[in-house]
Amino acid sequence: MTPDMHDPTKDNQIKLKFQIEPDEDGYPPFRVESVWVTPLPDGTYQVDNIPFFAYDAADGDVVSGQEIDGELFFDHLVRPSGNSVVRIIVHDEASIPDVRAQLTALGCDTEWWGKLVTINVPADVPYDPVYQFLDAGETTGRWGFEESVLKHPLAESP
């Protein structure tokens, strides 16, 4: 999926916004990221896609929101899903379909925007093989990556 896609089977999805603080180089070039969420009966929201820039939540997390000027903004994490979010900047954009296919084979979900691929590592997927794949790509100069919302245990050293 590319950003801003919503699941047409979930008619009640709405947008939740995260405040984004650009780094010293001005990246990303905006201050708000929107993700799809599903309202839950208790007044909380389940995140329904992988954030690209926010560090506060992962796909599947339950969060609270606060309305500000008619828009819903992230307030705090209520219940983590156990999923992790990793982001990679792929240097050769033409290789993104292959990279995404390999991550899918490892049990991950992905979304992309330009050269940025955001990865959801489900709680029940072992992280070590994913980390080894990501580390190998970084070592060979194919991409750089960051573990932006890491809920899995860190990879074990041999």
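Which members of the range 115-128 meet the condition of being assigned to a helix (DSSP H, G or I) and surrounded by 14 or more Cβ atoms within 10 Å (Cβ to Cβ)? Tyr127 - this is the single residue of the range 115-128 that is assigned to a helix (DSSP H, G or I) and surrounded by 14 or more Cβ atoms within 10 Å (Cβ to Cβ). Out of curiosity, is Ile20 closer than 22 Å to Leu134 by Cβ, touching a strand residue (DSSP E or B) at 6+ places or on another chain (Cβ under 9 Å) and of a type outside the set (Phe, Trp, Tyr)? Judged against the criteria, Ile20 is not a match. Arg100 meets each of the listed conditions (1) crowded, with 16+ Cβ neighbours inside 10 Å; (2) within 23 Å of Gln19 (Cβ to Cβ); (3) basic (Lys, Arg); (4) more than 10 Å from the chain's Cα centre (by Cα) apart from (2).
Taking the range 35-65 as the range and being touching a Phe, Trp or Tyr at 6+ places or on another chain (Cβ under 6 Å) and farther than 21 Å from Ile88 by Cα as the test, the residues that pass are Val37, Pro39, Val63, Gly65. Taken over the range 112-158, the criterion of being β-branched (Val, Ile, Thr) and touching a residue at least 60 places away in the same chain (Cβ under 8 Å) is satisfied by Thr118, Ile119, Val149.
Does Glu138 count as at pLDDT 95 or above, among the charged types (D, E, K, R) and assigned to a strand (DSSP E or B)?
no
Taking the range 45-71 as the range and being buried (at least 18 other Cβ atoms within 10 Å of the Cβ) and of a type in the set (S, T, N, Q) as the test, the residues that pass are Gln46, Asn49.
Take the residues in the range 129-158 that are of a type in the set (A, V, I, L, M) and under 20 Å from Pro80 (Cβ atoms); name whichever of them is surrounded by the most Cβ atoms within 10 Å (Cβ to Cβ). Restricting to residues being of a type in the set (A, V, I, L, M) and under 20 Å from Pro80 (Cβ atoms), the top hit is Val149. If you go through the range 141-158 and keep only what is part of a strand (DSSP E or B), more than 16 Å from Tyr55 (Cα to Cα) and small (Gly, Ala, Ser), you end up with just Gly144.
May I ask you to verify whether Gly43 is in a loop (DSSP other than H, G, I, E, B), of a type outside the set (Asp, Glu) and in contact (Cβ under 8 Å) with a residue 24 or more places away in the chain?
no
The criterion of at least 2 residues that are among the aliphatic types (A, V, I, L, M), more than 23 Å from Gln132 (Cβ to Cβ) and without any contact (Cβ under 8 Å) to a residue 60 or more places away in the chain is met by the following strands (runs of 3 or more DSSP E) wholly inside the range 58-111: 62-68, 71-79. Please tell me if Phe52 is aromatic (Phe, Trp, Tyr), part of a strand (DSSP E or B) and out of contact with any helix residue (DSSP H, G or I) (no Cβ under 7 Å at 6 or more places or on another chain). Taking the combined requirement at face value, the residue does not satisfy it. Could you grab me the full set of residues in the range 109-144 that are basic (Lys, Arg) and more than 22 Å from Val35 (Cβ to Cβ)? Matches in the range 109-144: Arg142 only. Within 14 Å of the chain's Cα centre (by Cα) and either under 13 Å from Leu72 (Cβ atoms) or hydroxyl-bearing (Ser, Thr, Tyr) (or both), is that true of Tyr55? Yes, satisfied.
The values are calculated or read from the model by the stated rules, or taken from the named source; none is laboratory data. Note that the coordinates shown come from a computational prediction; the quantities given were computed from them, not determined experimentally. Note that each Cβ is placed from the backbone with ideal geometry, even for glycine, and that neighbours are counted across all protein chains shown.
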